[in-house]
Each structure stands twice: as structure tokens, then as C-alpha cells.
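Below is one structure, written out as C-alpha cells, with a few remarks after it.
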Protein chains: 2
Amino acid sequence: MANEERPFEKKELYSGSILTLDLWQVSLPNGKTALREIVHHKGAAAIVPVDEQGRVPMVRQYRVAIGREMLEIPAGKMEKKGEDPLDCARRELREETGLHAGSWTYLGPYIPSPGYCDEVVHLYLAQGLSQGENDLDDDEFLSVEWLPLRELVDMAAQGRIHDGKTAAALLMAARRLGV
Amino acid sequence: MANEERPFEKKELYSGSILTLDLWQVSLPNGKTALREIVHHKGAAAIVPVDEQGRVPMVRQYRVAIGREMLEIPAGKMEKKGEDPLDCARRELREETGLHAGSWTYLGPYIPSPGYCDEVVHLYLAQGLSQGENDLDDDEFLSVEWLPLRELVDMAAQGRIHDGKTAAALLMAARRLGV
């Protein structure tokens with residue numbers, strides 16, 4: 001590829017619990033070199049669950065990086081790199097909302113920040129919902145609110161859903177479902 | 001807020017050219033503590049430019065973090081935290097495509113990764129386009145391809161636009177324009 005950058009030296013600066021930070025030296029298409037800060041992340045899955053009345057269980061969760069609560073679709077990290085994303089999606093839906101789904105549709109991969117991070121979030125539409133018990137992680141605090149998909153899609157179109165994966169996945173699901 | 005996490009100790013682990021990595025200790029709603037890895041980023045702007053024929057100048061760019069080329073809308077980082085995002089959007093549109101726009105509509109803020117990063121990308125719709133000269137950064141290599149908005153929106157709905165901000169912004173612009 002004409003615009004390809006080739007990494008020729010990779011240095012790990014930090015390895016933590018949810019991310020790793022590398023500094024890469026890359027050769028550019030013009031023969032010069034540049035430094036690239038690269039965040040590694042195991043990846044995640046996020047789900048638009050829709051019940052028979054067209055309602056979506058949304059998760060309201062405090063995000064300390066942003067300093068406020070955000071309204072998001074259910075989502076969570078892979079347990080390890082290479083986990084089957086559908087297994088991750090089933091687990092996170094159950095943990096955060098207690099829901100099981102009879103029907104799963106893959107909406108596609110969502111890459112939040114391709115400029116510096118390798119994270120991929122796999123997006124799903126989940127239907128045929130049945131309620132069980134939720135099971136949050138020890139450090140996870142959230143509330144679930146059921147809202148009409150139609151209203152959420154209007155909010156996303158008006159720029160009132162600020163979480164990127166949530167806005168993208170709601171609008172993708174709406175196109176699939178003709179909402 | 002019932003679910004709030006309060007940071008009580010912040011340690012900077014790395015300060016680089018495009019991002020800073022912190023390790024925060026936070027107190028949880030149940031009184032326990034947890035560690036949070038937080039990436040700071042200056043923020044960015046991204047633009048859906050649409051010409052009078054309904055075509056969009058898309059940017060094809062190699063993303064070394066992902067290891068392949070990606071198809072994205074024009075976008076770029078703020079020069080400093082707190083820059084007027086519309087100034088950033090005008091500059092990035094001109095630098096990457098050479099285009100000026102007579103009409104700007106704010107689509108909303110897009111937060112790529114609220115779980116660990118404070119980056120906000122401000123999304124715009126730009127119309128009334130006129131062509132000038134582009135002006136890329138020294139380490140920036142990309143090609144511009146004009147594609148119909150209608151086709152791009154179908155691609156986004158089918159999960160074939162993998163860059164998150166691009167998928168979200170195209171679907172938001174389509175709802176605004178009735179495409």
C-alpha cells in the first residue's frame with residue numbers, strides 16, 4: 001500500500017490491567033521516520049438489545065475519565081485478546097442487565113480511535129429477550145433504564161447520545177430494523 | 001450522583017506528544033477503592049463534507065495501530081486543549097482535502113472510549129464546498145476519494161465502515177439530510 005507506515009522498533013512503556021502503552025518508531029512512505037504512541041486494548045463487545053415493544057435497556061454509568069454519568073448500551077471488555085466476541089456480548093448483556101437473548105445479529109466492528117489505539121468493539125443487535133438475574137463486577141455500579149428505540153435514535157441523530165459506540169450502534173440497528 | 005467515582009490520587013505515568021497516561025485511585029460508591037488507567041487526549045474534530053451532488057470526500061489513510069488502511073471522514077486533532085472545535089474542523093478540512101465550506105452544522109460530540117479516555121471528537125456537517133489547495137502535515141499521507149453519501153450510509157448500516165467516528169457521523173448526517 002502506497003501510504004503504509006512500517007514499525008521497525010517497538011518499546012513498551014506501560015503494561016496495566018486494561019491497557020498497554022507502546023512507543024513505536026515507524027518508517028514513512030517518504031523514507032523519513034516518526035514516533036507513534038500506540039495504546040493496546042483487548043477489545044470489547046456492545047449490544048443493542050430490543051424487546052418486542054421496541055424498547056432498549058440502556059445503562060447509565062459514571063465515567064470517571066469524563067467526569068459524569070453517560071447513557072450507553074450494555075457493553076464490556078473481552079476477557080482475553082481473541083475471545084469469541086459473541087461470548088463476550090452474551091456475558092456482558094447478562095452481567096449488566098440480567099437479560100438473555102434468543103437471536104443475535106452482528107452489526108459490525110467499531111474501531112473507536114484508529115489513530116492511536118488497536119481496540120475493536122464488536123457491535124450486536126440482540127432480540128428475543130428474556131429476563132434473568134444480573135451479576136455486576138465488584139467495581140461496577142450502574143442503573144438500567146428501558147427507553148424506546150425510536151426515541152434513542154432521534155437522540156443519536158440530534159447529537160444527544162455522546163458515547164460513540166452507542167450512537168453508532170443505535171443508528172445502525174435503526175437502519176436494519178427500519179426504525 | 002449515586003454511582004459516582006471520586007478520584008483521590010492521580011499519578012502521571014507518561015506524557016507524550018498526542019496523549020498522556022495517568023493512574024488514578026478512585027473511591028467507589030460502596031466505599032472501596034479501585035485503580036483506573038486514564039488516557040488524556042486534546043480532542044479532535046471530524047467533518048462530513050457534502051457537495052451539491054451529494055458526494056463526500058473520504059480520506060483513505062494507513063493506520064499503523066490497526067495495521068491497515070481505513071476509510072474515514074476528514075478529521076484531526078485540536079492544536080491545544082480548549083481550541084474552538086470549529087476552528088479545528090475548518091483547518092483539518094482544508095489541510096486534508098483543500099476544501100472550504102460556506103455552511104457548517106454541528107452534529108454533536110462523540111466520545112470514542114469513555115471507559116478510559118477523555119477524548120471528545122466534535123462532529124460537523126459541512127456544505128457549500130469550494131476547492132482550494134490541501135496542505136498535509138509532514139508525517140501525514142492520505143488519498144481523497146469522492147463517494148456518494150447514499151452509498152456510504154448503506155456501507156455504515158451494513159457494518160462496512162469500521163472507523164467509529166465515521167460510521168456515527170455519516171449516519172447522523174444522513175438522518176439530518178433525510179438520506
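Values quoted throughout were computed directly from the atomic coordinates according to the rules given, and no laboratory measurement underlies them. On a predicted model such as this, the values are computed, not experimentally measured, just so you know. In this analysis, Cβ positions are derived from the backbone assuming ideal geometry, glycine residues included, and neighbour counts consider all displayed protein chains.
Of note:
- Relative to the longest principal axis of the Cα atoms of chain A, helix A:85-97 runs at roughly 50 degrees.
- Karplus-derived 3J(HN,Hα), 6.51/-1.76/1.60, for each residue of segment A:6-16, Hz, glycine and proline x: 10, x, 10, 8, 10, 10, 7, 9, 7, 10, x
- Binned Cα-Cα distances of segment A:20-61, short to long, each 5 Å bin given as a whole percent: 5, 15, 12, 12, 9, 9, 8, 8, 9, 7, 4, 1
- In plain terms, the bigger the Kirkwood radius, the slower the diffusion; for segment B:42-177, with that radius from Cα pairs, at 4 °C and 1.567 mPa s, Stokes-Einstein puts D at 87 µm²/s.
- For the segment A:152-165, counting C-beta atoms of other chains within 10 Å of every residue's C-beta and taking the mean gives 6.
- Distances between copies of A:ASN30, taken at a point 7 Å out from Cα along the Cα→Cβ vector and listed shortest first: 5.5 nm.
- When each of the peptides A:30-41, A:56-67 is scored by the mean number of other C-beta atoms lying within 10 Å of its residues, the order from highest to lowest reads A:56-67, A:30-41.
- Within segment A:20-38, backbone nitrogen closer than 18 Å to the virtual label 7 Å beyond the Cα of B:SER15 toward Cβ: A:37
- Using a cut-off of 22 Å between Cα atoms, the listed pairs B:LYS11/B:LYS81; A:LYS77/B:LYS165; A:LYS10/A:LYS42; A:LYS80/B:LYS42; A:LYS11/A:LYS42 include A:LYS80/B:LYS42 as exceeding that distance.
- Counting only alpha carbon atoms, the long axis of helix B:164-177 and the longest principal axis of chain B meet at about 50°.
- Between B:SER130, B:SER113, B:SER27, the Gaussian network model of chain B with springs among Cα atoms under 10 angstrom shows the greatest mean-square fluctuation at B:SER27.
- Relative to the compact-globule estimate of 2.2 N^0.38 Å, the Cα radius of gyration of segment A:55-116 comes out at 1.25.
- Mean shadow area of the protein assembly as shown, taken as a quarter of the surface of its Cα convex hull (nm²): 17.3
- Averaged over A:65-71, number of beta-carbon atoms from partner chains that fall within 10 Å: 6
- Mean sequence separation of contacting Cα pairs (under 8 Å, at least six apart), scaled by the length of segment B:41-166, corresponds to a relative contact order of 35 percent.
- The shape of segment B:21-91 can be summarised by an equivalent ellipsoid whose semi-axes, obtained from the alpha carbon gyration tensor, come to 35, 17, 12 Å from longest to shortest.
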